[in-house]
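Undergrad: Before I ask anything, here is the structure I am working with.
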Amino acid sequence: MKQLTDKDIADMAGVDFVPDAAGIKSVRRELHLARRIPHDMPVAEHVVLDFHNHTEEEAWRMIMAAAQSGARTATVITGASGILKVKFQNWVQDSLISPYIVQCAPLNNGSFSVKFKK
């Protein structure tokens with residue numbers, strides 16, 4: 001979830017805003033942010049990760065974020081050809097992500113079904 005910056009608060013308040021501890025608290029109180037922004041977001045049971053148009057580094061961050069988010073399963077779309085399909089299969093077998101994965105099976109030529117540990 002996005003953290004609110006001083007600029008975000010100033011934009012919502014609609015006035016010139018000088019950030020200080022008292023000012024931030026009063027604006028948050030006036031805007032009722034505690035009620036508008038849930039503190040505990042529900043964890044998605046299933047996520048879909050599409051690696052198309054992403055770099056290797058971005059794909060790695062996406063799969064690690066999914067594994068660490070508490071999601072139970074994922075559909076990972078790597079594409080039928082390309083380096084990310086090969087890289088993903090290597091990551092599942094032997095990398096920092098391996099301990100998070102219980103099972104990984106191909107769905108078709110460019111997609112995989114992944115089950116994460118609890």
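Undergrad: Most exposed first by the Cβ proxy, i.e. fewest other Cβ within 10 Å, how do D50, D8 rank?
TA: Values: D50 14, D8 11.
Neighbour counts put them in this order, fewest first: D8, D50.
Undergrad: If you wrap a convex hull around the C-alpha atoms of segment 46-116 and split its volume per residue, what is the figure in Å³? Walk me through the intermediate numbers first.
TA: Working: hull volume 5.1 nm³, N = 71.
So the per-residue hull volume is 72 Å³.
Undergrad: Continuing with this model, one more query. Report the net charge of residues surrounding F116, where surrounding means a beta-carbon distance below 11 angstrom and charges are Lys +1, Arg +1, Asp -1, Glu -1.
TA: Cβ neighbours under 11 Å give a net charge of +3.
Undergrad: Ranked from highest to lowest mean number of other Cβ atoms within 10 Å per residue, what is the order of the peptides 105-118, 82-95?
TA: Working: 105-118: 13.8, 82-95: 15.4.
Those peptides, ordered most packed to least, come out 82-95, 105-118.
Rule-based calculations on the coordinates, nothing more; no lab input. In this text the structure is predicted, and so the values were computed from the model without any measurement. Every residue, glycine as well, gets a Cβ built from its backbone with ideal geometry; the counts of neighbours run over all protein chains shown.
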